[in-house]
Amino acid sequence: MNTAAPFDRLMDLVSAGDPLSAGDLSQLASTPDILPLGMLADVVRRRLHGTQVTYLRVALCAFDKLFTDAVLPAAREVRITGTPGTLDGAVTAVEAARAVAGERAVSGFSWMDVEKLAGQAGTSAALVLERLRSAGLDAVAELPMDRIDNLAEVLDRLVAARFQHVRLTIDKSPAAARTALVLHAAELQTRFACIQALSPLPTALNAMRPTTGYDDVKTVAIARLAAPNIPSIQVDWLRYGPKLAQVALTFGADDVDNVTAADDAPDGTRRAPLEDVRRNIKAAGFEPAERDGRFALIA
Amino acid sequence: MMINEIAQKVMGGGRVDRAEAIELYRHAPTHLLGHLADAIRARKHPGRIVTYIIDRNVNYTNVCVARCNFCAFYRPVGSSEGYVLGFEEIFTKIDETIAVGGNQLLLQGGHNPDLPIAWYEDLFRSVKARYPTFKLHALSPPEVLHISRLNEIPVPQVIERLIAAGLDSIPGGGAEILVDRVRKLLNCYGKASSDEWLDVMRHAHVAGLRTTATMMYGTVETDEERIEHLMRLREVQDETGGFTAFITWSYQPEHTERGGTEATGVDYLRTLALARIVLDNFDNLQASWVTQGGKVGQLSLAYGANDMGSVMIEENVVRAAGASYCMDELEIVVNIEDAGFIPKRRNMHYEVLGDPIFRERDVPRMLSLATARAGGDSSVPEELQNYPARSRRAKQQRASIGD
Ligand code: SF4
C-alpha cells in the first residue's frame, strides 16, 4: 500500500460499484503488492455476496464406469469425467448419469470434447449440444476461455441449446494473459447474461511448474474486479487444496467448487471432507452455505 | 481501543499490549493484519530482501522418553523402530549438504536415555574436526534439559561443554505454547516447563549463543495463551536480544496420539501477522512452508515473513505427522522472486552469504525429501558401544555390537 492515492481512487470506484479500467487492472496485476488487490476484490465480493460462501459437493465419475458406484447420496452434482469416442457413447454416459442423479444436476465434457464429438459424428456442435441437453446434461463442465476462439459464438450456442448457468474456466493460460480473458467474458456477459460463474485458476496443473500462491490469489482477485457482472468467482477445492482455496476466499472468491461428496478423505489428507470445508470457510471469516449444481442454495 | 486506533499505533511504531493484541487477532480483517505486519517487515527489511538457508534437518535419534501427545515422530525406548544415527551416517549427510551448497545441520532428536553427554560432545568434536567451518545449529531447550537431567549437570555447564565441543547455536524447538496449562495437557510439561524453556534460552544467550524461537499452535490453547506465548518471548528478547528469528507453525495432527484437525491456512497467516506485530523486537520471521505448503508459504511474505527458512534436504518430524511438502533451492528462489522480493542465502545469524548457489554453480535438484534412515534399516552404529546405556534393550544391543 505504498501507492496510497491511486489505491484510494480505486477503492472509491469499487465501493461505488463502478468497474475498474483495463489499465487499472493490468497495473494491479503487475504489482507484487497483493494485499491492496485483495482488499479491493473483497469489497466487490461482499457487495455481491455479503459474508456468504457457497460450496458444491460433486461426485466425479468416469464416463465408462458405473455411476451407481461413484455417485454418493451427498453429492449435489454428478460430473462426468473423460471423453467418450463417439457422440452415442457420450449420450449413453449422460443418460446413465441422469438415471443415477435424479433431480441433481449432471455436468461433463469440455468445449473441445463437444467439437471433437461433432467432427467424429459429422454434425454440428449445435446438434451435439442439443442431443446432450436432451439426454439430461445440465452443463458443459469445462469451457476454457483460453482454448475457445470465439467465445461469443459458443455462448450463443449454449443459450440456444437451453444450457443455463454457464461456468467459464481457464485451461492453462499464463497469469499475464488471464486479465484480458476475464474482461472479454465480462463484456460478453452484458450481451448474454448466462454466465453464472468463472473459475479463473488453471484447470491444467503442471506438477513440475506449479502456479505460485501469489499467482493464484492475484488471478482470483483480478477476476473478481474485472468481472463484477459475473455472479460467482470459483475456486476448485480438489485441485487447489484447502489452504489455497481458503485464502482465495479472502481475495474475492465466493464459491468453492468440486468438494468431494465422500465422508472419508479418499484423495489424501489435504483434501478434506465436508466438515473441513465448512471449518475453512468459517475460519476465513465467512458463512458457509451449501448449493446445488444449478447454483440454488440448499435449505 | 478500537481496531483503527490500534492499527494507527502499530503503523506509528508503537508496541501493542495484551489487550490490543487480542483485539487485533480476534477482530481485525485478515488484510489489515497483513498490511500492518507487512509495514513492519518493510521497515525492518527495507531492501526487499528475503533470505533462506541451505541446511539439513537431521534427527539423530527418534527414541524419546518424553512422549508428547502431539508428536508422531518418537518411538519409545525398546521399540524395534527406534534408531540412533551413527557418526558416519551423519558425515554422509553433511557431505550431501555441502554438495548442494549447505553450511549447517539443524540437529535435533528425541530424549534418548541411552545417549550420555559424551556422545554429543564426541559427535560435535568429530564433525568440527572433519568440517571446521560447518555449523551446528543443534539441540532445542528440552534436549539441553534432558542432557542436564540425565547427566546431573546444571544447564549452564551443559551449554558450556557443548559450545566447547562445537555447538554454534540453539534452535527454538520444543516451545509449543509457553503456558504451563497447555504444556500439561500436551504432556510436554515434564520435558520443559515454560520457565525452564525460557531459562535455557537465557543461559544460551548469556553464553553468547544466538537462538531462534518457535510456536506450535492449534492444539488446546486459547487465543489469549497464544498471545501470552508471544509476550513471554518478547520479554526475554528485551532482556537478552539473543533471538535471531521467530518461526510459527500449526500442529500437524496425523498419526499422533492427540489427533484432531489442523488449523487452516488463514489461521496461519493471521497468526504469523500477529507475531510480526507483537514481536517488535525480533528482526526475522520465517515462513513455515513445510507445514503450510509452497503457496501459503510464499503468501507468508505478504503477512510479515522475511525469510523462507530452510531449503529442506531432509525432514522427519512434521512428515511423520502428515506434512510432506518439498522445495529445493530453485523453487524457493522462484517463489521469492515471483513475490517481488530479492532472494539471498544466509547463515544462521541471518547474515547474507550471497546469491542463490545454483546460479553460481551446478547443483543437483532435489525433488523429494530425504529421510533420517532408509526404511527397514535397523543397524546399530558401532561407536555406541563406547557409551554406557541405561535401558535394558540398549545395554543388550551394545553388548552384541561386533559379535
Ligand atoms: S516432540 Fe520431541 S520431546 Fe516430544 S515426544 Fe516428540 S521427539 Fe520427544
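Just so you know, all these numbers are worked out from the coordinates, no wet-lab data involved. Just so it is clear, the structure is predicted and the values come from calculations on it, not from any experiment. Cβ sites come from the backbone with ideal geometry, for glycine too, and all protein chains shown count toward neighbours.
Amide H contacts of A:Ile233: A:Leu198, A:Asp254, A:Asp255, each under 5 Å away and 5 or more positions distant or on a separate chain (H built 1.01 Å from N in the peptide plane; Pro and chain starts excluded). For the protein assembly as shown, taking a cut-off of 4.7 Å between Cβ atoms, the unpaired cysteines are A:Cys61, A:Cys194, B:Cys64, B:Cys326. Could you identify which residue out of A:Asn206, A:Asn258, A:Asn229 has the top mean-square fluctuation in a GNM of chain A using Cα springs shorter than 10 Å? It is A:Asn206.
When the convex hull of its Cα atoms is viewed from all sides, region B:189-340 shows a mean projected area of 9.3 nm².
With a 10 Å cut-off around each Cβ of B:245-256, the average count of Cβ atoms from other chains is 0.
With Kirkwood's inverse mean 1/r over C-alpha pairs for Rh, give me the Rg to Rh ratio of region B:30-375, two decimals please. My calculation of the ratio gives 0.93. Shown for B:Val144, B:Val206: other C-beta atoms within 10 Å of each C-beta, ranked fewest to most, produce the order B:Val206, B:Val144.
Per residue, the protein assembly as shown reaches -13500 deg cm²/dmol at 222 nm when only DSSP H runs of four or more residues are counted, each adding -39500 (n - 2.57).
Across the options B:Val127, B:Pro116, B:Leu301, the greatest Cα extent toward the positive end of the charge dipole of chain B (unit charges at beta carbon of Lys, Arg, Asp, Glu) belongs to B:Pro116. Bridgeable lysines around A:Lys172 (alpha carbons under 17 Å apart, same-chain partners fewer than 8 residues away excluded): A:Lys218. The mean number of partner chain beta-carbon atoms within 10 angstrom of a residue's beta-carbon across peptide A:35-42 is 4.
Semi-axis lengths, largest first, of the ellipsoid equivalent to chain A are 32, 22, 16 Å, with √(5λ) applied to each eigenvalue of the Cα gyration tensor. For region A:93-107, the Karplus equation 6.51 cos²θ - 1.76 cosθ + 1.60, evaluated at θ = phi - 60°, returns couplings of 5, 5, 4, 5, 5, 4, 4, 7, 5, x, 7, 6, 6, 10, 10 Hz by residue, with Gly and Pro reported as x. Size descriptors for the protein assembly as shown: radius of gyration and Dmax over Cα atoms are 27.7, 87 Å. By definition, a body whose alpha carbon gyration tensor gives a ≥ b ≥ c is prolate when a/c is 1.5 or more and a/b is larger than b/c, and region A:85-184 fits this prolate description. Computed over region B:88-140, the convex hull of the alpha-carbon atoms projects to a mean area of 3.8 nm².
Region B:26-47 and region B:74-92 have their alpha-carbon centroids 42 Å apart. Quick one: how many lysine pairs does chain B have with C-alpha atoms less than 19 Å apart and a gap of 8 or more or different chains? Give me the count, please. Pairs that pass both the separation and distance tests number 5.
As a proxy for reagent exposure, ranking A:Val106, A:Val114 by other Cβ atoms within 10 Å from fewest up yields A:Val114, A:Val106. Normalised Debye scattering of region B:44-130 at q = 0.11 Å⁻¹ gives log10 I(q)/I(0) of -0.41, counting only Cα atoms as equal scatterers and leaving out solvent. Among A:Leu249, A:Leu127, sorting on how many other beta-carbon atoms sit within 10 Å of each Cβ, with the fewest leading, yields A:Leu127, A:Leu249. Sorted largest first, the principal axis extents computed over the alpha-carbon atoms of region B:128-211 equal 43, 23, 21 Å. Expressed to the nearest 5 percent, the antiparallel share of DSSP beta bridges inside chain B is 10 percent. Just check region A:26-158 against the gyration tensor rule for me: Cα atoms, a ≥ b ≥ c as the square roots of the eigenvalues, rounded for a/c under 1.5, and otherwise prolate or oblate depending on whether a/b exceeds b/c. The shape class here is oblate.
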